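Trainee: Have a look at the structure that comes next, please.
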């Protein structure tokens, strides 16, 4: 269990460091690493990373998790449904197109077929 938590933290650090803060500010990205404030009370309002692109009018909610190998696809769907209310609320308040990006890896390294599609949407250097 401790090993899986370490792997999860490493994945989050890699995603954050791949997004250059200086370059991101020049390109209109804003990285939020705290709870999203909304008008309504939303139980799941803290994904791991929120990236807002002011120029394109988009927002990405990134949530990273390590799951059992048999539950990778189920966990992806669970993460998308978990942040559905927050997605709708951010679209309404910030007037941006919002997308949930689940980054789920199995305990032995298994990934889903849609993993590469999700990760390719994350802006990098």
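Trainee: Distance between Cα centroids, segment 104-125 to segment 64-87: provide it in whole Å.
Mentor: Distance between centres, Cα-based: 12 Å.
Trainee: Within segment 51-125, what percent of beta bridges assigned by DSSP are antiparallel, to the nearest 5? If you can, show how the numbers build up before the last one.
Mentor: Details: 3 of 13 bridges.
Close to 25 percent.
Trainee: Multiply the residue gap between residue 84 and residue 40 by 0.36 nm, knock off their C-alpha separation, and tell me the result in nm, one decimal place. Please list the in-between numbers first.
Mentor: Working: separation 44, 0.36 × 44 = 15.84 nm, distance 1.36 nm.
Roughly 14.5 nm would be gained on extension.
Trainee: So how do 89, 55 line up by other beta-carbon neighbours within 10 Å, fewest first? Please list the in-between numbers first.
Mentor: Details: 89 19, 55 8.
Fewest-to-most Cβ neighbours within 10 Å comes out as 55, 89.
Trainee: How many nm is it between the label spots at residue 74 and residue 113, if each spot is 7 Å from the Cα in line with the beta carbon?
Mentor: Result for the modelled spin labels: 1.9 nm.
The numbers here are math on the coordinates, done by the rules we state, and not lab data. Here the structure is a predicted model, which means the values were calculated and not measured. Please note: Cβ atoms are built from the backbone with ideal geometry, for glycine as well, and neighbour counts cover all protein chains shown.
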